[in-house]
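The values are calculated or read from the model by the stated rules, or taken from the named source; none is laboratory data. Being a predicted model, the structure only gives us computed values, none of them experimental. Heads up, the Cβs are rebuilt from the backbone with ideal geometry, glycines too, and the neighbour counts pull from every protein chain shown. What goes into the accessible areas is simple: the full protein's heavy atoms, side chains included, and nothing from ligands, DNA or RNA. Shrake-Rupley method; radii C 1.70, N 1.55, O 1.52, S 1.80 Å.
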Amino acid sequence: MTTWTRVRGLTPFQVAATLLALGLGALAVYPLALVVIRPFVTDGRLDLAPIRDLLAQPDLVTLLWHTAAVVGASGLAALLVGAALAWVNERTDARMGLLTDVVPLVPFLLPPIAGAIGWSLLGSERSGYLNLALRPLLGVEGAGPVNIHSWYGIIFVYTIYQVPYVFMIVSAGLRNTDPALEEQSRMSGAGPLRTLRRVSLPSVRPSLGAAALLMVWTGFGLFSIPAILAPQADLDILSVRVVQLLSFTYPPETGVAVALNLVVMLVVTLVWYAQTRMLRSTRTAGIGGKGARPRPTRLGPWRGPVRAAIVLYLTLTSILPLGALVLVSLTGFWSSTVDWSRLNLDAVVRTLTDTATQEALLNSLVLGVVCATVGVLAAAVVSVLVRRSGRGTGMLVDAAIKFPPTLSHLVIAVGFVLAFSGAPFHLGGTLWILMLAYVSLHMPQATTASDAAVGQVGPELTDASRMSGAGQARTFRRITLPLMTPGLLAGWALLFVTIAGDIGASAILAGTGNEVVGFRILEVFANGDYAMLGAISIILTLATSLVVLPVTWYARRRGASPLSRTQP
């Protein structure tokens, strides 16, 4: 078949999807090329000086080891905890309604920089609120017993912010798989653990692969958590070093920063390839033609302890850091002693009446809704296109969209400044440049969630639709998209929260004319106003909760009776 024949055979849906994929790829590659190629080209010739400068870094091995250890340990822990919480919530009688739906998500609603500061307020070795409460109970004197500025402290906080990704994607995957298979396994004499290992986990392999890929992305990209907690623990983390090279070195060592991120890209490439192989494996979970209502696995005497563990998890990961931020906002400052009689709402009132904060909150919420909606819908179209394309073409399109944002968001943000601030676009200082950057930077999360969703849609329903005379666009709108809805809603919630509280890109692209919450938090943190920082964080958490919780509830309703099957 000639190339011209293939082009003439394209349907309008394929043409539109291809143009959309090319546009998203160009949006990701063009700013990246401006900032990445420049350090490696001198007088029109390839210059490997940035690589040599990177290899000459005296602590390069320590930097890579510390980063890999923190990201790897927290990613593995988050995968185990998030998958376990999803299984308990979707498949057992230990579910507690809306509480178990939102427990893993609450930490995610708090901006990472605020969460890191909350844990610093709690776990500072000498003056942390948690240590002040535990010392009399445990008979400990001096410092401790908790030290959040340590290996285990940083891995713990990293894990907290990774669990929601796993929980939302795996939960959507479990809702989209046939629970009758698990019930048949139990009727055949298999226990809950064997059913989990032999049936449940294999059925959600696309979701687990997507979650693992997101763990790598988010783990290497987190900046605010190590920036707050790592220095006192004597840990060198790659994201912090990149920021230092770009913002605190004169002149900025962009070449070394880009070279460091190439290491991240290599790791992401390996994980992405593994996920791609998993999605193309011969046995995956799919949505087919018969409905099924899951019958929960009865945990018997373990039901009470499991529920207690969920409540304990909520307390440790959400109530305590939020409580620390509330306390510091009510006291007006951080102190080792709390005068309960002098608590007041001055910081909250000051925050609510602050014009800059009001504008930042409104801009962030609007950008979160718009960018998450555009990103998820575009990702759904691209995922369907990639799945139906040839292996080489599909992987090329997928890579063009996913891999540029694996570099530091600060590096990409610099590229957006070079690409769109001046002529002919003149978007600098506007919300448009933030919108373009947010969509581009967060498309990997959107496409990863949509890849997992489309990977569970069995082909027989879409084939039947086309055989009945429906075109590809109508089949996508009436069959594929509704079946992908639970997974897409999970991706939408992830994008909304991360965009609404973004700090990395906002630090470069936002300003007084297009202020957003991330930029405002950095301003308040730089001024040392912990009370106002706590108030902003709490208000943002409440606002995002009012959006995410209804979406989570609706996703559960849409996925309550999925059309499921397991395809050989």
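When a/c reaches 1.5 or more, the comparison of a/b and b/c decides; with that in mind, is the range 6-80 rounded, prolate or oblate per its Cα gyration tensor? Oblate. Subtracting the Cα-Cα distance of VAL140 and LEU299 from their residue separation scaled by 0.36 nm leaves 53.4 nm.
Between the beta carbons of TRP151 and ALA68, assuming R0 = 22 Å, the FRET efficiency works out to 0.95 to the nearest 0.05. Here the spin labels are modelled as points 7 Å beyond Cα on the Cα-Cβ line, and at ASP93 and LEU316 they lie 2.7 nm apart.
The chymotrypsin sites (Phe, Trp or Tyr not before Pro) found in the range 218-254 that occupy coil by DSSP, while having at most 13 further C-beta atoms within 10 Å, are PHE248. The distance from the alpha carbon centre of the range 507-531 to that of the range 147-166 is 24 Å, rounded to a whole number. The modelled label-to-label distance between ASN527 and ARG198, using points 7 Å beyond Cα along the C-beta direction, is 6.3 nm. Charges were assigned to the Cβ only: +1 to each Lys and Arg, -1 to each Asp and Glu. The resulting dipole of the range 34-170 about its Cα centre is roughly 40 debye. What is the calculated FRET efficiency for ALA16 to LEU266, with r their C-beta to C-beta distance and R₀ = 25 Å, to the nearest 0.05? Efficiency, from the Cβ-Cβ distance: 0.15. Largest accessible area first, the residues GLU515, GLU141 order themselves as GLU141, GLU515 under a 1.4 Å probe with ligands, DNA and RNA left out. Stretched out straight at 0.36 nm per residue, the stretch from THR512 to VAL366 would grow longer than its current Cα-Cα span by 50.9 nm. How long is the gain from VAL61 to ARG126 if the chain were fully straight, where each residue apart is worth 0.36 nm and the alpha carbon distance is subtracted? The VAL61-ARG126 span can extend by a further 20.2 nm.
Here the spin labels are modelled as points 7 Å beyond Cα on the Cα-Cβ line, and at ILE37 and VAL338 they lie 5.6 nm apart. The largest accessible area among ARG126, ARG298 belongs to the first residue in ARG298, ARG126, and the rest follow in falling order (1.4 Å probe, all chains). In this structure, ASP53 and ALA356 have a Cβ-Cβ separation that, at R0 = 45 Å, corresponds to a calculated FRET efficiency of about 0.70.
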